[in-house]
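Scroll down for the structure; my scribbles are underneath it.
The values are calculated or read from the model by the stated rules, or taken from the named source; none is laboratory data. Remember, predicted model here, so these are calculated numbers, not experimental data. Ideal geometry is used to build each Cβ from the backbone, glycine not excepted, and the neighbour counts take in all protein chains shown.
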Amino acid sequence: MVSNAIENNKPYYIKSLALEDKFSRLDAWYKVDFLIENNILTKEFVVKNKDKFLDLLTTTDEMVKVHAWVLTRRFADAGYITKDDIVKRKSYLLPYVRSGDLTAWWNAIDIINGKYLDSSYLIPYKDIFIESLKSDNPGVVSDAWHMVPSLVNAGIINDNDYKEYKKYLFNVLKLSNQYIRLNAWETIIDLGEKNVFKKDELSQFKDRAKELIEGDDLIKLTSLFDTNSDKFISRLKGLELVD
């Protein structure tokens with residue numbers, strides 16, 4: 001049941017969707033699903049006023065623009081905006097794709113996998129993404145590798161594009177930075193489960209996997225990725241990294 005405070009502030013929420021301050025307007029649009037679910041707004045109202053959101057996809061405020069694009073797949077799936085709305089504005093995301101911004105790549109591949117853009121949107125720039133797989137920044141390496149299955153699924157890249165660069169992600173497991181190291185573990189396990197990495201490729205990390213489950217890294221990892229130790233150990237067993 002929606003609280004009286006939210007109900008009483010309905011005019012405020014409606015006004016927020018059209019604020020001149022585009023950062024505040026974006027924040028309001030992030031709440032649209034919640035407001036519809038709680039009968040504060042209707043889907044029909046949102047669709048009627050979608051231009052106030054679409055304006056954020058083309059704004060000169062780069063921070064607002066990139067984060068507005070994060071919502072496009074969700075909003076299109078919900079029927080708030082259309083495929084045509086996205087196609088007409090696709091050029092506004094492209095500079096960030098060309099710059100190698102992984103948030104933009106994630107947005108673009110999400111939209112492609114939702115069938116709102118064709119894979120030809122990204123294919124010309126695949127070498128830019130591939131560079132991220134071997135970046136000097138280990139955080140970028142881990143984040144980029146996590147996206148590989150989605151790009152393969154969309155036909156943007158194939159096994160031959162990345163197979164020689166796997167060592168760059170494996171090297172992240174050697175880092176002293178706990179968060180980056182644990183993020184790499186989660187990525188590697190996910191890619192092992194999706195057969196991007198074969199079990200024989202991962203067998204070299206059995207000793208490190210043993211250290212992981214016996215130390216305080218495991219407690220930190222499960223809290224970071226909203227899981228528990230039993231599930232995580234089960235995933236390691238599935239990849240034959242622990243007995």
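If we only count helices (runs of 4 or more DSSP H) wholly inside the range 60-101, which ones have 2 or more residues that are under 15 Å from residue 125 (Cα atoms) and in contact with a helix residue (DSSP H, G or I) (Cβ under 9 Å, 6 or more places away or on another chain)?
Where helices (runs of 4 or more DSSP H) fall fully within the range 60-101 and carry at least 2 residues being under 15 Å from residue 125 (Cα atoms) and in contact with a helix residue (DSSP H, G or I) (Cβ under 9 Å, 6 or more places away or on another chain), they are 94-98.
Could you go through the range 89-96 and let me know if any residue there is without any contact (Cβ under 8 Å) to a residue 24 or more places away in the chain, surrounded by fewer than 12 Cβ atoms within 10 Å (Cβ to Cβ) and not acidic (Asp, Glu).
Yes, because at least one residue in the range 89-96 is without any contact (Cβ under 8 Å) to a residue 24 or more places away in the chain, surrounded by fewer than 12 Cβ atoms within 10 Å (Cβ to Cβ) and not acidic (Asp, Glu).
What number of residues within the range 149-170 satisfy the criterion of being loosely packed, with under 13 Cβ neighbours inside 10 Å and part of a helix (DSSP H, G or I)?
5
Of the residues that sit in the range 105-139 and are closer than 21 Å to residue 65 by Cβ, of a type in the set (A, V, I, L, M, F, W, C) and surrounded by fewer than 21 Cβ atoms within 10 Å (Cβ to Cβ), which one is farthest from the chain's Cα centre (by Cα)?
Restricting to residues being closer than 21 Å to residue 65 by Cβ, of a type in the set (A, V, I, L, M, F, W, C) and surrounded by fewer than 21 Cβ atoms within 10 Å (Cβ to Cβ), the top hit is 128.
Just to be sure, is residue 30 within 23 Å of residue 109 (Cβ to Cβ) and of a type outside the set (Val, Ile, Thr)?
Criteria met by residue 30.
Residue by residue through the range 16-51, note down the ones that are part of a loop (DSSP other than H, G, I, E, B) and over 21 Å from residue 85 (Cβ atoms).
Within the range 16-51, 20, 21, 38, 39, 40 qualify.
List every residue pair whose Cβ atoms lie under 8 Å apart, where the two residues are 6 or more positions apart in sequence or sit on different chains, the first residue falls within the range 199-212 and is on the phi < 0 side of the Ramachandran plot, and the second residue, located anywhere, is in a helix (DSSP H, G or I) and at pLDDT below 85.
Every condition considered, the pairs that remain are 211/217; 212/218; 212/221.
Name the one entry in 42, 59 that is farther than 30 Å from residue 134 by Cβ, surrounded by 15 or more Cβ atoms within 10 Å (Cβ to Cβ) and of a type in the set (Val, Ile, Thr).
Just a single option satisfies the conditions, and that option is 59.
Between a first residue in the range 21-41 that is within 16 Å of residue 72 (Cβ to Cβ) and a second residue that is aromatic (Phe, Trp, Tyr) and outside any helix (DSSP H, G or I), which pairs have beta carbons less than 9 Å apart while being 6 or more apart in sequence or on different chains?
32/80
Hey, residue 230 hits all of (1) assigned to a helix (DSSP H, G or I); (2) surrounded by 14 or more Cβ atoms within 10 Å (Cβ to Cβ); (3) without any contact (Cβ under 8 Å) to a residue 40 or more places away in the chain; (4) within 26 Å of the chain's Cα centre (by Cα) but one; which does it fall short on?
So the condition that residue 230 fails would be (2).
For residues that are in a loop (DSSP other than H, G, I, E, B) and at pLDDT below 65, scanning just the range 1-15, find the one that is farthest from residue 29 (Cα to Cα).
Step by step, filter the range 1-15, then rank; the result is 1.
Checking residue 213 against (1) β-branched (Val, Ile, Thr); (2) within 21 Å of the chain's Cα centre (by Cα); (3) at pLDDT below 95; (4) surrounded by fewer than 18 Cβ atoms within 10 Å (Cβ to Cβ), only one condition comes out false. Which one?
Among (1) β-branched (Val, Ile, Thr); (2) within 21 Å of the chain's Cα centre (by Cα); (3) at pLDDT below 95; (4) surrounded by fewer than 18 Cβ atoms within 10 Å (Cβ to Cβ), residue 213 violates only (2).
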